[in-house]
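Have a look at the structure below, then the notes.
The values are calculated or read from the model by the stated rules, or taken from the named source; none is laboratory data. None of these values were measured; they are calculated from a predicted model. Heads up, the Cβs are rebuilt from the backbone with ideal geometry, glycines too, and the neighbour counts pull from every protein chain shown. Ligands, DNA and RNA are excluded from the accessible area calculation, which covers all protein heavy atoms including side chains. Shrake-Rupley method; radii C 1.70, N 1.55, O 1.52, S 1.80 Å.
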Amino acid sequence: MNDKLNLPLESDIKKVLRFDGNKLPSFPQAAAKLLKASKDKTASLADLSKIVETDPGISVKVLEIVNSAMYGLGRKITALSEAVVFLGLDEIKKIAIGMTIFEKMFKTGDAKLFNRLHFWRHCISVAVLSMEIAREIKYSDPEEAYIAGLLHDVGKIFFDTQGKNNYGDFIQELSTSADLIIEKERTLIGLGHDDVGAFFCSRWKLPQKLPLAVKYHHQPFEHLDLTKEEMQLISIVSLSNFLCWTQGIGSFDIIRPPILSPEVEKIVNLDTIDIIKCIKNMNREVENISEFYQFIFPSADQLRENLLWANLKLSKANTKYYYQEDPQVSYKDELSIQQSSMPFDVDSDFGKPLAKAKSVKEVLDIVMYQVGRIFQPLHWSILLKDSKTSDMIFSVVVGSNKEKLQGAKIPKGEGVAGYIMETGKSLIIEDVAKDKHFSIRADKYSGFKTQSIIGTPLKTENKTFGVIELINRISENPFTSQDLKVLASIAEYAAIAIERSYYNQAMTTLVTTDSLTGLKNRWSFERAISNKDDVLRHYGSIFSMLIIDITRLLQSSEIQNHDDMLKKMAEILNKTKRREDDVFRYGEGAFIMLLPQTYTDGAKTAKERILKAFCLAIYEKKTTSAEINISSQTVSAGDSNQLKTMVGKFLSKSKTLLNEDTIADMEENLQPLLEEENRREIDGIQQKQTFGRMVSLGGEFTLLKTRESGHIRVERLSLEAIGFRISKSHRIQINDFLDIHFILDDISKALVKRRIVVRSIKGNYIYADFYNPPPYAKKLGFYLMS
């Protein structure tokens, strides 16, 4: 057994954990006995009752769960013997083991950033999903899979309570990193939570398959001499953990793309099990128990299905990077890259930023930068389909005269992009003059002359939603078939990342925003008041809450009038609120306004403003018969946990609003979403200095076409452009490419290297755009902001 586990030594454990008197922690006695009883098919209810009743606190908690809304029993159960009649012995075992582990091990911790309820929600979710998947694949002991899921992350508990490093600091650093959690633990702490968890599960002499599942839920295990059932259990837990992270149910409140060991898919064939059904069953059980554990657990079934598959595909791609023997792509010198035989694998630096990107715009920026870096094209663009007309829209454009081409449309089926969109096939054209697919329309828009093109579709499953198109090379050499293979590989990753980012953005909007009014929704309200420290920071030590209830609203026979009234109420609240106030649509006709640092008199004034505006609106719309009641509550941050109760007392259950909105198909909504992101970016740029910063920096240039070189003096600098003088006469022309480098004059003395495209020349003063500037230029960005 120990040969299979390959456990760390006790001395290794003591290097990362601290113990009082060198005594290792013990497993809760009641939980150990329950585990043993769960494996004993002859164990009776009396045996189980004796174990649970040895810890009165656990016995009470088990009965509390049995009597909760989760099970909806008709009368109150006062003894385990009664409970088993209604729920069955297996269900009682499961509840008792889960509650014992939670109360004795997982409930409290040291680091504030390690939210134990959030962590427990993850453990419960993995446990329930493990049991569901075990049943689907006919695993011999689904209850064992449940226990393995509960314990899979137990090592994190020891890092928190007994770690020599502060686990809260680790989580804080993790939130700004794109690294895998397990690798970050091994780097910063010395061991991973999988090794630590398996070490203790083995020391506690738990059933032998449990330590294996804990140890290998993040690691390859195919090379080990494991039985079929051992490999199945590891795969079940690993897959369940993977799926929970893709659903946004991680052990920390951060988003992190998970990794799935390649052998898991060999052992658990995803095509043969109904994962969506398993996810829904998990959601249902965790939602049922959420009130007892005080989870915040929003439900949006369709969203979860979309998000699951998008993340599943992206994480498969990340797994290829992680487990391949040599994931690095060797980039050649920029001038000779066109002649080199580029490897088919995509650089791992491409996968990490894509996994970290939070928006479609970020994904596209990363894709365009990498395409420019690898292929050195003169012009390149991403075209997306207009969902209304099926025309192709130049959504992202890089190169000269890009402003003329940005947003331009090409009719359906026309040109190279139209052909690729309709057929879903990649295409290479070495000389457009000899190819029937080329359309001159884009050249007329932009003013440049196309010579060579490669293009490839952006698609998910069998649906093409866009095209990446590259035109001409700086070197004037034609594109090759090897180039097309690399571009197709990039496009595959890009499409997965775009889909994931789209549904992540849709998830945020769907889960936090009311689609009818545009206000924050009930889930946003409950999250806003869930943490006392956050409440104190956002609303102050004393604040007020207004509950606005529209009465007689449901009597309206016209749906349009009903919706118009709700929109009007949202408009009134937005107009009458202060800048710092938050407004939520809580229920059918119910709204909440949180007023930071506001006492009773201030709340009264706000209430009067709303009533006055409402009366005026009703007077103007004489056909509306709605009325409103407003309740005002002034509370301290310490009592914020009572706000839900206050709202519940004031509002009837009929006011509860279930979010049944659906997500628009990505093909239909991707282009409008990108347009909105571009508008926000342009607005942000316009609010900043447009022309960059005046500087005086020394540097050098090399003209690519002649290799002429010399000194420059940089006088104006921004993230996208540069103005400089050349110290001697030159033969530089507009649209020439130069390689330049210069040293910043701040404390970092950083060397900046860029390729530039000349845009204007006045004597020896040259203004140029950076060719393909990186999306995240930290050194230059910090310099310009300082």
Next item on the list: Report the extension gain between residue 444 and residue 531 in nm, rounded to one decimal, defined as 0.36 nm multiplied by the number of residues separating them, less their alpha carbon distance.
Entry: 25.5 nm
Margin query: Can you tell me how region 129-180 classifies by the Cα gyration tensor, rounded, prolate or oblate, using a/c under 1.5 as the rounded cut?
Written below: oblate
Checklist line | 31 Å Cα-Cα threshold exceeded, pairs from 358/485; 14/532; 705/779 | finding: 14/532
Note to self: Please give me the summed charge of the neighbours of residue 212: other residues whose Cβ is under 9 Å from its Cβ, Lys and Arg +1, Asp and Glu -1.
What the structure shows: +2
Next item on the list: Express in Å², to the nearest 10, the accessible area of residue 397 obtained by rolling a 1.4 Å probe over the protein heavy atoms while all chains stay in place.
Entry: 20
Note to self: Over region 105-252, with the other protein chains present, what is the accessible area per residue in square angstrom, probe 1.4 angstrom?
What the structure shows: 32
Note to self: For the full complex of protein chains and a 1.4 angstrom probe, list 739, 581 by accessible area with the highest value first.
What the structure shows: 739, 581
Margin query: If R₀ is 45 angstrom, what is the calculated FRET efficiency for the pair residue 631 and residue 677, using the beta carbon separation as r and rounding to 0.05?
Written below: 0.70
Next item on the list: Could you calculate the FRET efficiency of residue 749 with residue 567 from 1/(1 + (r/R0)^6), where r is the beta carbon distance between them and R0 is 35 Å, rounded to 0.05?
Entry: 0.05
Checklist line | Accessible area (Å², 1.4 Å probe, nearest 10) - residue 228 | finding: 150
Next item on the list: Whenever you get a sec, compute what percent of the accessible area on region 363-461 sits on carbon and sulfur atoms (1.4 Å probe).
Entry: 46
Notebook entry, point to check: By how many nm would the segment from residue 223 to residue 574 lengthen if fully extended, with 0.36 nm per residue of separation less the alpha-carbon distance?
Noted result: 120.2 nm
Checklist line | Whole-Hz couplings from phi, Karplus 6.51/-1.76/1.60, listed for region 242-252; x for Gly and Pro | finding: 4, 5, 5, 5, 5, 8, x, 10, x, 7, 10
Notebook entry, point to check: If ligands, DNA and RNA are left out, what is the accessible area of residue 456 with a 1.4 Å probe, given in Å² to the nearest 10?
Noted result: 0
Item checked: Sequence-distant residues sharing a close amide H with residue 628 (under 5 Å, placed H) -> 551
Notebook entry, point to check: Going from most exposed to least, what order do 579, 473, 759 have by accessible area with a 1.4 Å probe?
Noted result: 579, 759, 473
Next item on the list: Quote to one decimal, in nm, the extra length available between residue 542 and residue 741 on full extension: 0.36 nm per residue of separation minus the C-alpha distance between them.
Entry: 66.1 nm
Next item on the list: With a Förster radius of 30 Å, plug the Cβ-Cβ distance of residue 117 and residue 91 into 1/(1 + (r/R0)^6) and report the FRET value to the nearest 0.05.
Entry: 0.85
Note to self: For 776, 146, give me the order by solvent-accessible area with a 1.4 Å probe, most accessible first, ignoring ligands, DNA and RNA.
What the structure shows: 776, 146
